[in-house]
Every structure is written in C-alpha cells, then in structure tokens.
Amino acid sequence: SDLWLFMVNGAPMTPTPGNKALLLQRLETHIRTVVSHFADDVSSWDVVNEVIDPAQADGFLRSPWFTIIGPEYIERAFRVAREVAPNSKLYINDFNTTTEPKRTMLLNLVRDLQSRGVPIDGIGHQMHSNIEFPSATDVITTLNQFTALGLDNQITELDVSIYSGSFQGAFTAYEDIPADRFVRQAFKYRDLFRSFRYLAGHISSVTLWGQADDHTWLTSSARVNAPLLFDPGLTHKL
C-alpha cells in the first residue's frame with residue numbers, strides 16, 4: 001500500500017522493530033483521536049475489520065498491519081478502544097463468516113483474544129448474500145457458535161444479489177433480470193430474517209448495506225445485482 005500510514009521517510013515501511021513501534025503508535029493515535037471525538041455518541045465500534053484470510057495457514061490476512069506488526073495490532077486496537085470508550089461495544093467484523101475454514105479461523109482468533117483478556121464484545125457478520133448463499137442452517141449454526149463464546153452478534157452489511165455461484169460466470173449478466181430471480185431473492189430474505197428472529201436474543205442489530213437498488217456497491221457497468229429491498233424507483237420489492 002502507498003498510504004501515508006505505511007510510509008516512513010518517503011518509502012514504504014519494511015518489517016523492522018522501529019517501524020513496528022511507529023506503526024503501533026500511529027494506530028493508537030488514530031483510535032484515540034477518532035473514538036474520543038465521538039465519545040459516547042457511538043454505541044458500538046467496528047474496531048478490527050476483515051483480518052482473516054482462509055488461504056493462509058495461520059488464518060491472518062497479509063495486510064501492511066500484519067506484515068509490519070504481526071497479529072499484535074489486533075489486540076492493541078481493542079485495548080486502546082476500550083480505554084477510550086469504556087461504555088461502547090467493540091466488534092470484529094468480517095465477510096463469509098458462515099463458510100469454512102474462515103469461520104473456524106475467526107472463532108480461534110476470538111478465543112485467543114478472550115484467553116488473554118482482550119476486550120471484545122461481539123462479531124460483525126457482513127452477510128453479503130445471494131439467492132443461494134448462505135443457507136439459513138449455516139447462519140444459525142454460525143451465530144450460535146459465537147454466542148457460545150459469550151459474544152453479541154450484529155448483521156452489518158446485509159444484501160442479497162440476484163446472481164449466485166451457479167450462475168454462468170462472474171461477468172455474465174442478464175439484460176433484463178427474470179422475474180423468478182426476484183422471487184428467489186424474496187424467499188432468501190425471508191429465510192434470513194426467519195433465522196434472525198429465531199436468534200433474536202443473540203443479535204443486537206441488523207443493518208442493510210443500502211436502501212434501494214438505485215445506489216448499491218454491487219452495481220457496475222457490467223452487471224446490475226439488484227440486491228436491496230427497494231427497486232431503483234424506490235418501490236418495495238417482493
């Protein structure tokens with residue numbers, strides 16, 4: 001990355017003891033500045049975001065944070081956030097938390113943090129979904145596993161693409177989305193919210209990643225995924 005955060009004397013940081021100390025200092029300064037600014041106005045914080053990589057044997061994403069500091073940055077972030085915001089809830093947030101081996105890697109990370117007294121209150125499950133994925137069973141199984149660790153769950157970035165893994169190629173697109181895709185999307189939303197209601201005591205919030213299909217991160221020049229509850233004209237879907 002060429003972000004200034006990971007630069008020193010005009011060059012990208014390399015993993016040295018001095019750079020580790022400097023980057024940890026920058027991390028702490030950032031958290032103290034941002035979190036203290038909002039103080040108790042923010043009830044929950046996404047402290048650590050998308051740090052699991054199932055392609056790595058140890059499960060850690062090889063971000064500049066990891067390559068320069070090692071996994072210690074995760075613990076430091078939570079401890080500083082708790083110090084600055086003692087009354088806010090602190091979360092680790094990721095996508096594909098219902099899939100293996102990612103789910104187990106995240107569970108193992110959280111267990112390790114808990115074993116060392118690191119203050120973590122819950123898991124943010126992004127839940128970017130499609131008409132085939134994830135299953136209601138996998139959602140319930142996943143959330144129950146994190147609940148068993150004494151953690152809260154939040155659904156943080158929910159949407160449901162009309163495309164799916166079995167569709168013909170990642171860049172193939174419908175010129176006009178068939179009506180049956182919207183029917184399947186509606187049933188997927190139904191199944192997901194049945195799961196959320198079933199586990200209502202263990203989920204403190206559900207956030208959709210947008211309001212209507214006129215403005216969504218999934219729409220590109222190549223494909224319209226139509227993943228939200230309202231169409232581009234702001235009319236409710238099925």
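The values are calculated or read from the model by the stated rules, or taken from the named source; none is laboratory data. None of these values were measured; they are calculated from a predicted model. Don't worry about glycine lacking a Cβ; one is built from the backbone with ideal geometry, like all the others, and counts go over all protein chains shown. Remember, those area values only see protein heavy atoms, side chains included, never the ligands or the DNA or RNA. Shrake-Rupley method; radii C 1.70, N 1.55, O 1.52, S 1.80 Å.
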How many residues, within the range 62-80, are under 15 Å from T29 (Cα atoms) and either open to solvent by less than 10 Å² (accessible area, probe 1.4 Å) or touching a strand residue (DSSP E or B) at 6+ places or on another chain (Cβ under 8 Å) (or both)?
4
On the basis of being of a type in the set (D, E, K, R) and at pLDDT 95 or above, does R197 make the cut?
yes
Evaluate the following for E28: is it touching a Leu at 6+ places or on another chain (Cβ under 9 Å) and of a type in the set (D, E)?
no
How about the range 21-61: which of its residues are surrounded by 18 or more Cβ atoms within 10 Å (Cβ to Cβ) and part of a loop (DSSP other than H, G, I, E, B)?
V51, G59
Would you mind telling me which numbered condition in (1) of a type in the set (D, E, K, R); (2) more than 30 Å from S129 (Cβ to Cβ); (3) under 20 Å from the mean Cα position of the chain (by Cα) R26 fails?
(3)
Flagged in the range 81-107 as surrounded by fewer than 20 Cβ atoms within 10 Å (Cβ to Cβ) and in contact with a Lys or Arg (Cβ under 7 Å, 6 or more places away or on another chain), in numbering order, are V84, N96
Do you know which of the residues in the range 1-20 that are open to solvent by 50 Å² or more (accessible area, probe 1.4 Å) and touching a helix residue (DSSP H, G or I) at 6+ places or on another chain (Cβ under 9 Å) is nearest to Y73 (Cα to Cα)?
K20
Checking L228 against (1) hydrophobic (A, V, I, L, M, F, W, C); (2) open to solvent by less than 20 Å² (accessible area, probe 1.4 Å); (3) outside any loop (DSSP other than H, G, I, E, B), which test does it fail?
(3)
Matching residues in the range 201-217 - criterion: being open to solvent by less than 40 Å² (accessible area, probe 1.4 Å) and in a loop (DSSP other than H, G, I, E, B):
G210, D213, T216
